[in-house]
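I have placed the structure first, in the form of structure tokens, so that the comments after it can refer back to it.
What follows is calculated from the coordinates using simple rules that are stated; it is not laboratory data. Owing to the predicted nature of the structure, the values given are computational and were not obtained by experimental measurement. With ideal geometry, Cβ positions are generated from the backbone for all residues, glycine too; neighbour counts draw on all protein chains shown.
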Amino acid sequence: MRTNKVVMVLGRRGSGKTTFVKNLIAQYHKLHPHQKILVVDTFDNPVWELKTIHPEDIKRWRRGMALTYSSEPEELFEILEKHLRNALVVFEDAVKYIGHRLPPPLKRLVIDSKQKNLDIIFVFHSFGHAPLDLWRLVDYIEIFKTADSPEIRKNYIVNFEEVQRVWEAVTKSPNPYEHGTVQVY
Ligand SMILES: Nc1ncnc2c1ncn2[C@@H]1O[C@H](COP(=O)(O)OP(=O)(O)O)[C@@H](O)[C@H]1O
Ligand SMILES: [Mg+2]
């Protein structure tokens, strides 16, 4: 992953998404040691093995890796949009706080990601859970085994044929952690 990419990771529970993202974080940190790394989860999830920071602390955060969560996602998104620069941000299990449309501050974060030197990873459980306006904004889609098929988002997925091809190969594979990448742009 070069800097300033927007990536969507799709896969059902237990398909290997978090493990994949953790490996990506480790590689990213080696390649870009000065970039901050922020994981946004819905609770203080110990699986990340990261120190937890309060959303307010993001305003003064200078370096390192951290996990944050909030019971007020809209407030957190405003803080990210206003203050987060030079970072990789991961939205884990994003469906819990992102609906069928990206919340406006998150959409602006994605659109301004290159100017702000941000890389962004969104993690969802299925094709149906990804916000409809995100399909046109992602650079890469990482497809794990899913419960639904890309068919349900046929009219939104930019390069549908390739997504379908990769999803079929992943679905057929006997490896439960199989995954494949589609480059959108
Ligand atoms: N490539 C892999 N090879 C072997 N075990 C894996 C692999 N990816 C994930 N696992 C294991 O499978 C379980 C679920 O993985 P996880 O990454 O938490 O999935 P998800 O985030 O999609 O729910 C974990 O116990 C993890 O250690
Ligand atoms: Mg997970």
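This model, with +1 at the C-beta of Lys and Arg and -1 at the C-beta of Asp and Glu, gives region 6-183 a dipole about its Cα centre of some 420 debye. Taking the Cα atoms of the chain, the ratio Rg/Rh between the radius of gyration and the Kirkwood radius comes to 0.94. Taking the centroid of alpha carbons for each part, region 98-154 and region 1-72 are 16 Å apart. Put simply, the amide H of VAL89, placed in the peptide plane, has neighbours under 5 Å in LEU38, ASP119, ILE120, ILE121, leaving out anything fewer than 5 places away on its chain.
Whole-percent P(r), region 1-78, all Cα pairs, 5 Å bins from 0: 3, 13, 22, 24, 24, 12, 2, 0.
Sequence-distant contacts, meaning Cα pairs under 8 Å at least 6 residues apart, place the relative contact order of the chain at 28 percent. Rounded to the nearest 5, the antiparallel percentage of DSSP beta bridges internal to the chain is 15%. Label point of ASN4 set 7 angstrom out along Cα-Cβ; within region 116-133, amide nitrogens under 19 Å from it belong to 116-122.
Placing +1 on each Lys and Arg Cβ and -1 on each Asp and Glu Cβ, with no other charges, gives region 1-91 a dipole about its Cα centre of roughly 640 debye. When we measure straight from the Cα of LYS51, which aspartates and glutamates land under 15 angstrom away, once same-chain ones fewer than 8 places off are left out? Leaving aside aspartates and glutamates fewer than 8 places away in the same chain, those within reach of LYS51 are ASP41.
Counting 0.36 nm for each residue step from GLU72 to ASN45 and taking away their Cα separation leaves a gain of 8.0 nm. For a test of the definition: using alpha carbon positions, the gyration tensor, and the 1.5 limit on a/c, classify region 41-110 as rounded, prolate or oblate. It comes out oblate by the Cα gyration axes.
For the pair ALA26 and ASP112 in one chain, pulling the backbone fully straight at 0.36 nm per residue adds 28.5 nm over the alpha carbon distance.
When you filter the GluC sites (Glu not before Pro) in region 1-107 for DSSP loop state and at most 16 other Cβ atoms inside 10 Å of their Cβ, you are left with GLU49. Backbone geometry of region 135-143 corresponds, through the Karplus equation with coefficients 6.51, -1.76 and 1.60 at θ = phi - 60°, to 3J(HN,Hα) couplings of 4, 7, 10, 8, 8, 9, 10, 9, 9 Hz, x marking Gly and Pro. Each residue of region 51-63 was assigned a 3J(HN,Hα) from its phi angle through the Karplus expression (A = 6.51, B = -1.76, C = 1.60, θ = phi - 60°), giving 5, 9, 10, 6, x, 4, 6, 4, 4, 10, 6, 10, 7 Hz with x at Gly and Pro.
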